[in-house]
Amino acid sequence: MCYYCHQVSYTSEAWSRLRQNPQDRFEAIRATIENLGGEFRAAYFATGNFDVLAITEFPDQVTPAAIAVAFADGGAVASIQTIPLLTATQMMDAHAKAEGPVSSYRRRPELSSAASG
């Protein structure tokens, strides 16, 4: 299973509806995710660029895209970004896999001088 962080921004209309009729929308999100074979791990309201951050787990890379499409199609979401997450073990595996290609990679001299200057 793969972990994902969904960064969600609501429309102003969705905020207005929630203000008029407060309810736990995370339970609705949970049901949709679980119906598609995923697991809902956590969700938080946020202040900043996004209104909600949700952490999910899915068995593939296509289903989180389906979630994004479904939520965007519902009309309450202004934008959603889905970011794959790696555990510490997965990141160590990535570093191990990159060791061969990275050690054989040679930076072109003109790029090295441009980057340092």
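Under a plain spin-label model, where a point goes 7 Å from the Cα along Cα-to-Cβ, how far apart in nm are residue 34 and residue 13?
Roughly 3.0 nm, to one decimal.
Would you mind getting the accessible area per residue of the chain, heavy atoms of the protein chains only, 1.4 Å probe, in Å²? List each step's numbers first, then the result.
Details: 8000 Å² over 117 residues.
Value returned for the chain: 68 Å² of accessible area per residue.
Note the direction-averaged projected area, equal to a quarter of the hull surface, for the Cα convex hull of the chain, in nm². Numbers along the way, then the final one.
Working: hull surface 43.2 nm².
Convex hull of Cα atoms, orientation-averaged projection: 10.8 nm².
For the stretch 12-74, how big is the tail of P(r) above 20 Å, as a whole percent of Cα pairs?
Details: 577 of 1953 pairs.
When every Cα pair of the stretch 12-74 is considered, 30 percent fall beyond 20 Å.
May I ask you to evaluate 6.51 cos²θ - 1.76 cosθ + 1.60, the Karplus curve with θ = phi - 60°, for each residue of the stretch 44-50 and list the ³J(HN,Hα) values in order in whole Hz, giving x for glycine and proline?
Along the stretch 44-50, the couplings run 9, 6, 9, 10, x, 6, 10 Hz.
Please check the chain for the longest run free of trypsin sites (Lys or Arg not before Pro) that are loop-located per DSSP (anything but H, G, I, E, B) and have at most 11 other Cβ atoms within 10 Å. List each step's numbers first, then the result.
Details: sites that count: 106, 107.
Answer from the scan: 1-105.
If amide H atoms are built 1.01 Å from N in the plane of the peptide, which residues on other chains or at least 5 residues away come under 5 Å of the amide H of residue 79?
Here 9 satisfy the definition.
Quick query: amide H of residue 2 versus all other amide H atoms, modeled in the peptide plane; which residues come in under 5 Å with a sequence gap of 5 or more or a different chain?
58, 60
By how many nm would the segment from residue 89 to residue 72 lengthen if fully extended, with 0.36 nm per residue of separation less the alpha-carbon distance? Walk me through the numbers before you get to the answer.
Values: separation 17, 0.36 × 17 = 6.12 nm, distance 3.25 nm.
Contour length minus the Cα-Cα distance gives 2.9 nm.
Quick one: how many Å² of residue 83 are accessible to a 1.4 Å probe, rounded to 10?
Approximately 60 Å² for this residue.
The values are calculated or read from the model by the stated rules, or taken from the named source; none is laboratory data. Worth saying up front: this structure is predicted, and the values here are computed from it rather than measured. Because the Cβ atoms are built from the backbone with ideal geometry, glycine has one as well, and the counts that use them run over all protein chains shown. Ligands, DNA and RNA are stripped out before the accessible areas are found, and what is left, the full protein with its side chains, is counted by its heavy atoms. Shrake-Rupley method; radii C 1.70, N 1.55, O 1.52, S 1.80 Å.
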